[in-house]
1. Residue by residue through the range 226-252, note down the ones that are open to solvent by 10 Å² or more (accessible area, probe 1.4 Å), in a helix (DSSP H, G or I) and among the polar types (S, T, N, Q).
2. If we keep just the residues of the range 324-343 that are under 23 Å from VAL28 (Cβ atoms) and open to solvent by 40 Å² or more (accessible area, probe 1.4 Å), which is modelled with the lowest pLDDT?
3. If you take the residues of the range 140-159 that are more than 30 Å from ALA465 (Cβ to Cβ) and not small (Gly, Ala, Ser), which of them is surrounded by the fewest Cβ atoms within 10 Å (Cβ to Cβ)?
4. From the list TYR188, TYR196, TYR181, pick out the single residue that is open to solvent by less than 10 Å² (accessible area, probe 1.4 Å) and either hydroxyl-bearing (Ser, Thr, Tyr) or assigned to a loop (DSSP other than H, G, I, E, B) (or both).
5. Could you tell me whether any residue of the range 3-17 is more than 30 Å from ALA271 (Cβ to Cβ), β-branched (Val, Ile, Thr) and either over 36 Å from the mean Cα position of the chain (by Cα) or open to solvent by 60 Å² or more (accessible area, probe 1.4 Å) (or both)?
6. Can you pull out the residues in the range 199-210 that are within 24 Å of ILE146 (Cα to Cα) and either open to solvent by 50 Å² or more (accessible area, probe 1.4 Å) or assigned to a strand (DSSP E or B) (or both)?
7. Might you let me know whether the range 517-528 holds any residue that is in contact with an Asp or Glu (Cβ under 8 Å, 6 or more places away or on another chain) and not basic (Lys, Arg)?
8. Checking ARG615 against (1) in a helix (DSSP H, G or I); (2) at pLDDT 75 or above, only one condition comes out false. Which one?
Amino acid sequence: MLYKKLIRDLSSHKLQFIAIFLMVFLAVFIYVGIGSEAFGFDQEVKSYYNETNMANVWVYGDSFNSVSVDKINNMSSVEGVERQLSLTAKGDMSYDPDVDLRFVENNSVAKYYPITGSKLNLSDEDGIWLDDKFAKAHNLKVGDDITLKFNGTEITKTVRGTGYSPEYVFEVPTKSIVPDYRTQGFGYLSHEAFPYDIQYNTILIRTDENTSKFHDDLDDVMDDYNTFLSIENHGSHKTVISEIDQHMMMADMFPIIFVVVALLILLTTMARIITNQRTVIGTLKSLGFSNRKLIFHYLSYALLLTVSGSILGYILGPLLLPQLFYPSMSEFYSLPYWGPGFDISFIEVPIAIIVLSVLFALMAIYSITRESPADALEPKAPKISKLRFINKTSLWQKLSFNLKWNIRDINRSKVRSFVTVVGILGCTVLLICGFGMNDGMYELEHWQFTGINHYYSQIVLEDNASSSQIDSIVNKYNGTKVMTSSIEIKHNGIEKTTTLQSYNATGIITPNNQYENPISYDNNSVLLSIKSAELLGVDVGDKIQWHIYGQDKWANSTVTGISADPSTQGLVMTPHKLDELGINFTPSTVVSYDRDIDENLTGISTVNHVDDLERSWDELTGVFYLIVGVLLVFSLVLAIIILYSLGMLSFIESERSFATLKVIGFKSKAIQKIFLTKNLFLSIIGFVIGVPLGLYVLRIMLDTAGENYYYPNTYSPLSIVYSLVIVIFVSLAVNLLLSRQIKNIDMVQSLKKGRE
């Protein structure tokens, strides 16, 4: 009999139960779906690292002989050593791409991973194994020839295969904000392919020891290196870890909104059902049903909805969400395989939802089961308003009937009103995050290409360009020389790999603060980007140590200002300041307002135009807009479910009151206005509270974007306006749909119903 009653109750309150089911489903779907995507990415990266024997330490120097390798090999913690000659060549093809060449000795550490063609052949003097994405961007296939230039040398090699490298899971962009495989790539070659006597300048090491401790141990056995790079500071690895952390954070944060809303709707709905079924419960108790049976009966409502919603979300989340993200992510990250992952923590949210739903349902049923059958058969005493003292105030007398009615109604149904506010608050948070990320991406591009950099052309110089050639280019195009170099910074025992930029204060590049306003920059300036300052714990006036990669000399500098840059983090200072520190200014580019640059001039390697960089940026930011779309869809679903389910519950509870108003002469339109006013008021309250919370959550999300990116700290007011319009529009649409039922209220039947 109780089973039939369960089915009948589910049918009678299907809208509320469907809402609970959907909330639980979405919470588990998002948590497990995004979690499996992030864990899958993490697990595939680790598997790929293990399969290719990824290095966790890189040592750079002028020349490493076999003695150096033997010294490292003899260290007890070392599991593998590989010598390479690393250099950057220029591809003789469209876009004049930079190609990192690796002349490898045995390919035993950080091994090349073939995708097409043959495996890497260490005795092949004529072959090259290219970056698969670079090859596709240039339509290069196995058997094609490629010509590369470096240090005045030109070599032509035949493509033997294409593939990936664990050192280039994320190819740190060199000419744009995001990787552009038309302008950058890598190639692996045998040491036999180098045209001269090879001088290895890189040693890759795999150690089972902590990299900081290994650094100390290495200093005890060799001193002929100038740069030590741990995997924690490796550009590709840092970006991958940041991406995983950001997705993990999204998986943890967003389901909270759906879980809270689902549980509050459950509590509201169960309280409503049990209040309406007092007589039924009293009758069942009179017929001999024990309290235990009745408690289990009502708990089964919560169990049925939450267990079924959790199971469906648990199954569909890993199946659908990773497949939604992976195609876009694979544009940025190079992995041979992609697949969802699993972690035992995935079961925490479903279990928490089920346990909490049982507790909430128990809260609703427990009090009535303690009553005797005779008491339970009596109608529940109506609630006594605690606002009666307000009724006597002059202010209350001045309020309109509409306002008085809704204040009383909100006071009578506090939980339902609270759930509506929380639901709209959650919807607002998702909308603010979605629109804010969209703003952040636009502002990042706008800030980069117009706020900081004002040039139209970036002239990339040849590595062996002479001073006279560079000066000639500068004079011809009224350009500014720019030096960009990788550096290592130390402060308070923290070491970070970052970038040095050096140029004169000509106005063509203007350092900004975090509010996108220009800051003072002259020959005494030593500016540190805000992202690097936060990571190192540096403030204005602090002293830092830094050195250029490949050079032994460490410099001591006092930070004079904190700058902000969306894509380049590190130090900024003038050539004059570098000279004071005894460091040679070696420009790698010249930037100019001139659009018409002759690329055939001696000393010019290639020319990047801002228009091309912006187009490249637009093409490669699809994954961010995908996340924006997902957030907007979820926020709309949340708003519609919340407003419709709670609006329906509000209408059912107020039906007798509306019938009374109709009996005493109120028109349907006047009653509709009362109904709409309350729900719009609650929606606006939820929105107002949700805006600052949404901005806070958005800032957290943007701050986890990785060490290389800094998102602007400004948001368009239009995003808040758009969010408000959506909230009001959805609220109006849903409540207008519900309020139409007011015209069809059967006054006789409604007035027969007992008031809660």
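The values are calculated or read from the model by the stated rules, or taken from the named source; none is laboratory data. These numbers come from a predicted model, not from an experiment. So basically every Cβ, Gly included, is an ideal-geometry build from the backbone, and we count neighbours across all protein chains shown. Remember, those area values only see protein heavy atoms, side chains included, never the ligands or the DNA or RNA. Shrake-Rupley method; radii C 1.70, N 1.55, O 1.52, S 1.80 Å.
1. ASN233, THR239, SER242, GLN246
2. Filtering first and then ranking leaves LEU324.
3. Ranking the qualifying residues of the range 140-159, first place goes to LYS141.
4. Working: TYR196 fails: open to solvent by less than 10 Å² (accessible area, probe 1.4 Å); TYR181 fails: open to solvent by less than 10 Å² (accessible area, probe 1.4 Å).
Being open to solvent by less than 10 Å² (accessible area, probe 1.4 Å) and either hydroxyl-bearing (Ser, Thr, Tyr) or assigned to a loop (DSSP other than H, G, I, E, B) (or both) holds for just one of TYR188, TYR196, TYR181, which is TYR188.
5. no
6. GLN199
7. Within the range 517-528, not a single residue is in contact with an Asp or Glu (Cβ under 8 Å, 6 or more places away or on another chain) and not basic (Lys, Arg).
8. The one condition ARG615 does not meet is (2).
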